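*Asks:* Here it is: the structure, laid out below.
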Amino acid sequence: MFNHTAAIGADIGRNLIKVAVVRIDGEIAAVKSFPLQEKQTRAYITEKILEAVGDIRHSVAAEGINPICIGISAKGFIDHKSGIIAGPDQGISDWTNVPLARIIKQETGLPVFVDNDANMMTIAEHRFGAARGYRNIIFVALRTGIGGGIIINEKLYRGSNNAGGEIGQMIINFDNGKSERGIKGSYEHLASASSIVRRYNELMGSADARVAGGITCKDIFELSYKGSPEASLVVEQNAELVGIGLANLITIFAPEIIVLGGGMSEADDSYIERIRKSAYTNSLPDCRSDLKIERAQLGAAGSLLGSAYWSMTSLAGQII
């Protein structure tokens, strides 16, 4: 594909829809954000996507840029071949079995490709970020939940029914309580940002974050930097648990690199180092002999870069 080729990447977040125009080499020509109202429906979200796409398409047209396709990054299980969001609903009314690619294509006239946000971040880090040049990669998104993506021999692993890579649902402590997904002792339940808040509130004598003033995971990290014993303990425990989850992945897949993304990956170096120590201590030496564990480099732009790039390569595959 020519170096000037560009696509629109879109990311459906909880509070924002972000869009960017991205060239095939990863250069971002334009990026915009569009706030979302609290109560959301299928019709509202599709309308906002169309608004965002139309706006940025108009903006770059003045610069002589004409995107050839659209990639959309969304949460949940997605049939990427047909562009259908299967679910769960993500708090959006009527947001299951949504033929999003068809809807957006009908209105824009452009080919549209839809995929899971963690997969798109994985592709972006592989092509443009921390995992560039590696063949076997695991991406772990540490945030309110835990998502992930797996690349084996430079190809995204999708598994049966496009459901592979749900790293957050592996079980790391069977004695622990069930998560909201009904899985006992899951990685997500024990090691996500939500678990940090829950554990901190337990230590402070409150089972409800609202009683503690709505403290966030970021607040707890900040308190740990200031020497709070409770916050420091929670962060240390979390790093140990995150590392244990990575150790399972290391021993199963023996990847060349694990890339840590999501908001929690932006914590200080000591947190990342604790994760590495836990992961190395709890995995087989032969499986981790050449392993690197690094922060993601692309941050919030990852899903936009990944979805745009993936849409261009998918379109090229269809044409060829």
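*Asks:* Given the Cα-Cα distance of residue 37 and residue 161 and 0.36 nm per residue of separation, how much length would full extension add, in nm?
*Replies:* The residue 37-residue 161 span can extend by a further 41.4 nm.
*Asks:* Still on this structure, I have one more. Per residue of the stretch 223-234, what does 6.51 cos²θ - 1.76 cosθ + 1.60 with θ = phi - 60° give for ³J(HN,Hα)? Whole Hz please, x for Gly and Pro, Karplus curve as stated.
*Replies:* My calculation for the stretch 223-234 gives 5, 5, 5, 8, x, 4, x, 5, 5, 4, 5, 4 Hz in order.
*Asks:* Whats the longest run of the chain with zero trypsin sites (Lys or Arg not before Pro) that are DSSP loop and have at most 10 other Cβ atoms within 10 Å?
*Replies:* Details: sites that count: 39, 210, 226.
It runs 40-209.
*Asks:* Please give, to one decimal in nm, the separation of the simple spin-label points placed at residue 135 and residue 297, each 7 Å out from Cα toward the Cβ.
*Replies:* Spacing of the two 7 Å Cα→Cβ label points: 2.1 nm.
*Asks:* Could you tell me which of the pairs 18/277; 226/277; 18/105; 32/292; 18/292; 75/226 are separated by over 27 angstrom between their Cα atoms in the structure shown?
*Replies:* In this structure, 18/277; 32/292; 18/292; 75/226 exceed 27 Å between Cα atoms.
*Asks:* Compute the distribution of all C-alpha to C-alpha distances in the stretch 1-104, in bins of 5 Å from 0, and list the percent of pairs in each, rounded to whole numbers.
*Replies:* Result, from short to long distances: 2, 12, 24, 22, 18, 12, 7, 2, 0 percent.
*Asks:* Now a separate question. Which residues' amide hydrogens lie under 5 Å from the amide hydrogen of residue 40, considering only partners 5 or more residues apart or on another chain, with H built in the peptide plane?
*Replies:* Long-range HN contacts for residue 40: 93.
*Asks:* First measure r as the distance between the Cβ atoms of residue 14 and residue 280, then evaluate 1/(1 + (r/R0)^6) with R0 = 41 Å and state the FRET efficiency to the nearest 0.05.
*Replies:* E between residue 14 and residue 280, to the nearest 0.05, is 0.75.
*Asks:* Now for a different question. Taking amide H positions as placed in the peptide plane 1.01 Å from N, state which residues far from residue 75 in sequence (5 or more) or on other chains have amide H under 5 Å from it.
*Replies:* Under 5 Å from the amide H of residue 75: 117.
*Asks:* If each residue's Cβ is checked for other Cβ atoms within 10 Å, how do 269, 94 rank with the fewest at the top?
*Replies:* By the 10 Å Cβ count, ascending: 269, 94.
*Asks:* Between residue 97 and residue 61, what is the spin-label point distance in nm, taking each point 7 Å from the Cα along the Cα→C-beta axis?
*Replies:* Calculated label separation equals 3.6 nm.
*Asks:* Can you give the helix-only mean residue ellipticity at 222 nm for the chain, where every DSSP H stretch with n ≥ 4 adds -39500 (n - 2.57) and the sum goes over all residues, rounded to the nearest 500 deg cm²/dmol?
*Replies:* Numbers: 9 runs with 122 residues, N = 320.
Taken over the chain, the calculation gives -12000 deg cm²/dmol.
*Asks:* I need the fraction of alpha carbon pairs in the stretch 130-297 separated by more than 24 Å, rounded to a whole percent.
*Replies:* Every Cα pair in the stretch 130-297 considered, those over 24 Å come to 34 percent.
*Asks:* Determine the gain in length on full extension of the stretch residue 46-residue 107; use 0.36 nm per residue of separation and subtract their C-alpha separation, reporting nm with one decimal.
*Replies:* Length gained, residue 46 through residue 107: 20.9 nm.
*Asks:* So, one more: Pulled fully out, how much extra length does the chain show between residue 236 and residue 253, if you take 0.36 nm times their separation in residues and subtract their Cα-Cα distance? Let's see the in-between values first.
*Replies:* Working: separation 17, 0.36 × 17 = 6.12 nm, distance 2.57 nm.
Full extension from residue 236 to residue 253 adds 3.6 nm.
*Asks:* Moving to a separate point now. Taking the C-alpha atoms of the stretch 106-203, how large are the radius of gyration and the largest Cα-Cα span, Dmax, in Å?
*Replies:* My reading of the Cα-based Rg and Dmax gives 16.3, 55 Å.
*Asks:* Placing +1 on the Cβ of each Lys and Arg and -1 on the Cβ of each Asp and Glu in the stretch 130-297, which of 134, 283, 267 has its Cα farthest towards the positive end of the resulting dipole?
*Replies:* 134
*Asks:* To check my understanding: the extent here is largest minus smallest coordinate of the Cα atoms along each principal axis. What are those three numbers for the chain, in Å, largest first?
*Replies:* 56, 47, 36
Bear in mind that the values in this text are calculations on the coordinates, not laboratory data. Source: prediction; values computed, not measured. Quick reminder, even Gly has a Cβ in these numbers, built from the backbone with ideal geometry, and neighbours come from all protein chains shown.
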